[in-house]
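Q: To start, I am sharing the structure in question, which I have written as structure tokens.
The values are calculated or read from the model by the stated rules, or taken from the named source; none is laboratory data. Bear in mind the structure is a predicted one, so any value in this text is a computation, not a measurement. Heads up, the Cβs are rebuilt from the backbone with ideal geometry, glycines too, and the neighbour counts pull from every protein chain shown.
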Amino acid sequence: MRGWIRAACLLIVLCIAPPTARAAAAPVVGTPMPRFKLPAVSGTVNSDSLRGHVVYVDFWASWCDPCRRSFPWLRALHENYAAKGLVIVAINLDKDRVAAERFLVKYPAPFKVAFDPAGGTAEAFHVQAMPTSYLVGKDGRVLETHAGFDSKQAAAIEQRIQKECAP
Amino acid sequence: MSRSVRGRAALVLLAATLAVATAGCATTVHPWDRDLLAQKRMQLVPSPMLHAVDQHVYFSKEGSTGGDDVGGGGCGCN
């Protein structure tokens, strides 16, 4: 009888533990940005080389509708703040590189675009929704995280970027 | 091997088997994997039109509706 109870407990723990353990590993504002090195449209993007810049990391995919809406905004952001020290890194999570490239033809991206079809970086950043973005300060620490995209939120993010880019 | 030890070993084996069998229940779908689940080939009904035709043939032959996914009585008026 005791054996059965133990077996039942083990089962319950095994069923519940993995998702809970994953939820606890979420990156917190103020912690250093996870390191990554990914292939980009040209060359690679290495997180170590982004130190000293205000970095906006955006996880996107071609099938995600809010990502589609966010790209013109990201482009405007790049045009307005790249000269002031902002680096935008848009990390694509498509399994199919062709789908991502088709998207980029339709929605041109003058900023850095990296490809992570396996999703290892998304796991390290603990992406909870598509798109998810992270604003990282000059010291490499996460300042803000945003899940999803809407224009009201975008205005607030831009204000924060403006503040961080100020000399 | 005594009987109780054998019984315990059987229990452990059973628990391990059940644990392995149910481990699949604990996986979560990552947000970036949802494109695969949304593909047409992953749908429960891959072709809604063919399904509707099949259903029409089915209830016409059976002479009643409501047995599958269509609500209604057996008035024969459809």
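Every residue, every condition in (1) outside any helix (DSSP H, G or I); (2) of a type outside the set (D, E, K, R), yes or no:
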| residue | (1), (2) |
| --- | --- |
| A:L38 | yes, yes |
| A:D48 | no, no |
| A:S70 | no, yes |
| A:F103 | no, yes |
| A:P108 | yes, yes |
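Q: Could you check, for the range B:54-66, whether at least one of its residues is in a loop (DSSP other than H, G, I, E, B), at pLDDT below 75, over 30 Å from A:R97 (Cβ atoms) and not polar (S, T, N, Q)?
A: Yes.
Q: Also, quick follow-up: Which one is farthest from the other protein chains (Cβ to nearest Cβ) among residues in the range A:128-167 that are of a type in the set (A, V, I, L, M) and over 22 Å from A:S49 (Cβ atoms)? Step through it out loud before you land on a result.
A: Going residue by residue through the range A:128-167, those that are of a type in the set (A, V, I, L, M) are A:129-130, A:135-136, A:142-143, A:147, A:154-157, A:161, A:166.
Pick out the ones that are also over 22 Å from A:S49 (Cβ atoms) and you get A:129-130, A:147, A:154-157, A:166.
Details: A:A129: 5, A:M130: 5, A:A147: 9, A:A154: 20, A:A155: 24, A:A156: 22, A:I157: 20, A:A166: 33 Å.
That would be A:A166.
Q: Would a scan of the range A:50-60 turn up a residue that is buried (at least 16 other Cβ atoms within 10 Å of the Cβ), under 18 Å from A:H146 (Cα atoms) and among the hydroxyl-bearing types (S, T, Y)?
A: Yes - at least one qualifying residue is present in the range A:50-60.
Q: Let me ask another. Select from the range B:1-39 the residues that are under 26 Å from A:L93 (Cα atoms) and more than 9 Å from every other protein chain (Cβ to nearest Cβ) and list them in ascending order.
A: B:G24, B:V29, B:L37, B:Q39, listed by residue number.
Q: Evaluate the following for A:A99: is it modelled with pLDDT under 95, within 20 Å of B:A38 (Cβ to Cβ) and part of a helix (DSSP H, G or I)? Talk me through it step by step, then tell me what you get.
A: Values: modelled with pLDDT under 95: yes; within 20 Å of B:A38 (Cβ to Cβ): yes; part of a helix (DSSP H, G or I): yes.
Answer is yes for this residue.
Q: Which residues, counting only those in the range A:73-100, are β-branched (V, I, T) and touching a strand residue (DSSP E or B) at 6+ places or on another chain (Cβ under 7 Å)? Give the derivation first.
A: Of all residues in the range A:73-100, those β-branched (V, I, T) come to A:87-89, A:91, A:98.
Within the range A:73-100, A:V87, A:I88, A:V89, A:I91 meet the criteria.
Q: Working only within the range A:123-167, note down all residues that are of a type in the set (A, V, I, L, M) and within 18 Å of A:V29 (Cβ to Cβ).
A: Matches in the range A:123-167: A:A124, A:V127, A:A129, A:L135, A:V136, A:V142, A:L143, A:A147, A:A156, A:I157, A:I161.
Q: Just checking, how many residues over the range A:79-94 are more than 14 Å from every other protein chain (Cβ to nearest Cβ), closer than 20 Å to A:R35 by Cα and outside any strand (DSSP E or B)?
A: The initial filter retains those residues of the range A:79-94 that are more than 14 Å from every other protein chain (Cβ to nearest Cβ), namely A:79-89.
Add one more test, that the residue is closer than 20 Å to A:R35 by Cα, and what stays is A:85-89.
Subsequent filtering for residues that are outside any strand (DSSP E or B) retains A:85.
Number of matching residues: 1.
Q: Among the residues of the range A:52-67, which ones are outside any loop (DSSP other than H, G, I, E, B) and out of contact with any strand residue (DSSP E or B) (no Cβ under 8 Å at 6 or more places or on another chain)?
A: Pass one, the range A:52-67, residues outside any loop (DSSP other than H, G, I, E, B): A:54-60, A:65-67.
Passing the criteria: A:D65, A:P66.
Q: Here is a further query. Being at pLDDT below 95, in a loop (DSSP other than H, G, I, E, B) and out of contact with any helix residue (DSSP H, G or I) (no Cβ under 9 Å at 6 or more places or on another chain) narrows it down to one of A:A124, A:A155, A:A129, A:A118, so name that one.
A: Values: A:A124 fails: in a loop (DSSP other than H, G, I, E, B); A:A155 fails: in a loop (DSSP other than H, G, I, E, B); A:A129 fails: out of contact with any helix residue (DSSP H, G or I) (no Cβ under 9 Å at 6 or more places or on another chain).
When all the criteria are applied, what remains is A:A118.
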